[in-house]
Amino acid sequence: MPLKAGNMEERKGTSTIVLLIAVVMALLVGGLIGWFSHQVKRRYAYDASLINAMELVRTHYVDSVDMETLAEGLIPSLLHSLDPHSEYIDRTASLAETQRLEGHFYGVGITFNTIIDTPVVVEAIKGGSASRAGIQAGDRLISADGKSLIHDSITSDEVQKQLRGERGTIVKVGVLRNGELKNIGITRDEVPIRSINVAYMLNDVTGIIKIDTWARTTLQEFLSAYYTLSQKGLKNLIIDLRDNVGGYMQSAIQLANEFLPSGSLIVYSQGRKYPKEEYFANGNGLLKEVPLAILVNEFSASSSEIFSAAMQDHDRATIIGRRTFGKGWIQHPFYMPDSSQIRLTIARYYTPSGRSIQKKYNLGKSEEYQRDLLDRYDTGEIYHADSSFYKTAPKFRTDAGRIVYGGNGIMPDIFVPADSSGQNTYYYRLIESGLIPQYAFIYSDKYRFRLNKIPSTTDFWNYIHVNDNIVERFANYAAQKGIGKRPAMLWECSIMLEKILIAQVARNFFGEQGFYEIVYNDDKTIQKALESFNQLPFQQ
């Protein structure tokens, strides 16, 4: 069929347009390829620069250099330039941290002290292999597998290295007890690292559980502790998260699930490379009706803040104490071939009301970030509720419509100032010297036979308080160690000093709970928590 002239012109125009589009697309694609190629070259140029710099040092530096050590020094600097929580953890520290969070290691199951020239057993863990082998508190550890453990500067790490090992292996320990030398074989086994060491009744109806860290075993430990207290009449519960700097995020989510109804948002997270992820309560929690108070302070951080914020946003608990640390970033461990790890900040988390509690950080200003806690003392916030915080912080609302604040940590519902009564420069010097636990151990060791017979921490306190001037004895000991005695200042701080001294001695006989049963006596934050159960302004 012959073509008409008009059709020919249209085809020419169409061909021209197609050609133009093809040219434009070629230019765009070529430009994109060129841009992408440039970005790749830039990235690999950075990588090559680092590699070349290391190679130049290895090849041309004036002295020989341990390149592995050099790299280990450079990596932390690189990570800390990102934020204060991204960090490099060497192999030894990484293994110890993993053991702590996983909740166990393999050893003999004792705690010991190396204050004198011989390791002395403080406690043989009940049910542990050392306890089953007959090891007792007060035993001197003379040797392990024929290697002497006696010398003036023996360290805990040296002793642990000899006692820990593969599960099922046997370590032969030389033990001195009451002047008699014994050789005892102990089979190494799993030793639990507990995240909860304190759980007891404060009165007939209120119990307290202190969580030291958020480990993989925390939920199981918590439910076991709660069950024990419930058998003693528990109706109200206090959870102490003071000084708990965090741990496994998942453990905080698991525990929050126990207290919240089905469908309640616990927390959500989001990062540049990590899409939004939400965590909801499944409704199977066992503690949804238990009246709850949570104790926090400026060292409560990370997972402790996730748990506390979820309870606060859902009006599930009264938060009591002081503003929390303010860590709203999530770190993920990336393990290296040698078992060291890079812990990198990968996302932010947000509370159910949508607030981020991450305190301010300017890139490269880690010193300013770390100074925040000191600034709280300098501004007086630790001793007085910080009204200026409320003026500038973004506002959010809880389920019940109460105002809560974002940024810079979690503000408690009830503020309790730090106790500064009786504290002075002499007291601070004694605390910072490390002499208190030293003297407490020496005192415990000297009077072990007598103190072993005291059945409770209440009787323990009364016995020492009435029969011994432990404060005066300690002041004389400290003077021998170079801290001059200050009679007037000693009198001023004597009440606090006596409490901490007797508590430290009690720790050697009743464990961590014995220490806190004495320290918690007349604790103002706990008193506020007890009062809160009578008020219950928003709990059901």
Globularity ratio of region 395-513, using Cα Rg and 2.2 N^0.38 Å:
1.45
In whole µm²/s, the translational diffusion coefficient that Stokes-Einstein assigns to region 288-386, given a Kirkwood hydrodynamic radius over C-alpha pairs, 20 °C and 1.002 mPa s, equals 139 µm²/s
Give a residue-ordered list of calculated ³J(HN,Hα) values for region 326-332 (Karplus: 6.51 cos²θ - 1.76 cosθ + 1.60, θ = phi - 60°; whole Hz; x for Gly, Pro).
x, 10, x, 9, 10, 9, 10
Alpha carbon Rg of region 352-392, scaled by the compact-globule rule 2.2 N^0.38 Å
1.36
Run the dipole for region 449-539 about the Cα centre, Lys and Arg Cβ at +1, Asp and Glu Cβ at -1, nothing else charged, and hand back the magnitude in debye, nearest 20.
360 debye
For the chain, what is the convex hull volume of the alpha-carbon atoms per residue, in Å³?
281 Å³
Taking a quarter of the surface of the Cα convex hull of region 272-323, what do you get in nm²?
5.0 nm²
In whole Å, what is the distance between the alpha-carbon centres of region 120-172 and region 406-441?
33 Å
Mind jotting down a quarter of the surface of the convex hull over the alpha carbons of region 221-277, in square nanometres, one decimal?
5.7 nm²
Write down, largest first, the equivalent ellipsoid semi-axes of region 53-144 in whole Å, where each equals the square root of 5 times an eigenvalue of the alpha-carbon gyration tensor.
42, 18, 11
Greater than 20 Å apart at Cα, pairs in Lys359/Lys524; Lys147/Lys182; Lys288/Lys359; Lys276/Lys360; Lys327/Lys365; Lys360/Lys391
Lys359/Lys524; Lys288/Lys359; Lys276/Lys360
For region 453-496, report the translational diffusion coefficient in µm²/s to the nearest whole number, using Stokes-Einstein at 25 °C, 0.890 mPa s, and a Kirkwood Rh over Cα pairs.
208 µm²/s
Rg to Rh ratio, region 155-206, alpha-carbon atoms and Kirkwood radius?
1.20
For region 76-126, the Kirkwood Rh over every pair of distinct alpha carbons, in Å, works out to 14.0 Å
Under a 1.4 Å probe, what is the accessible area of the chain per residue, stated in Å²?
54 Å²
What number do you get for region 429-468 when its Cα radius of gyration is normalised by 2.2 N^0.38 Å, N = residues?
1.31
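Dividing the Cα radius of gyration by the Kirkwood radius, what Rg/Rh value follows for region 332-371?
With Rg and the Kirkwood Rh in hand, the quotient comes to 1.11.
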With a 1.4 Å probe and all protein chains kept in place, how much accessible area does Phe307 have, in Å² rounded to the nearest 10?
0 Å²
Probe 1.4 Å, all protein chains present, accessible-area order of Trp214, Trp491, largest first:
Trp491, Trp214
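The values are calculated or read from the model by the stated rules, or taken from the named source; none is laboratory data. Keep in mind it's a predicted model, so treat the numbers as computed, not measured. Using ideal geometry, Cβ is built from the backbone for each residue, glycine included, and neighbour counts are taken over all protein chains shown. When the accessible area is computed, the model is the full protein with side chains, heavy atoms only, and any ligands, DNA or RNA have been set aside. Shrake-Rupley method; radii C 1.70, N 1.55, O 1.52, S 1.80 Å.
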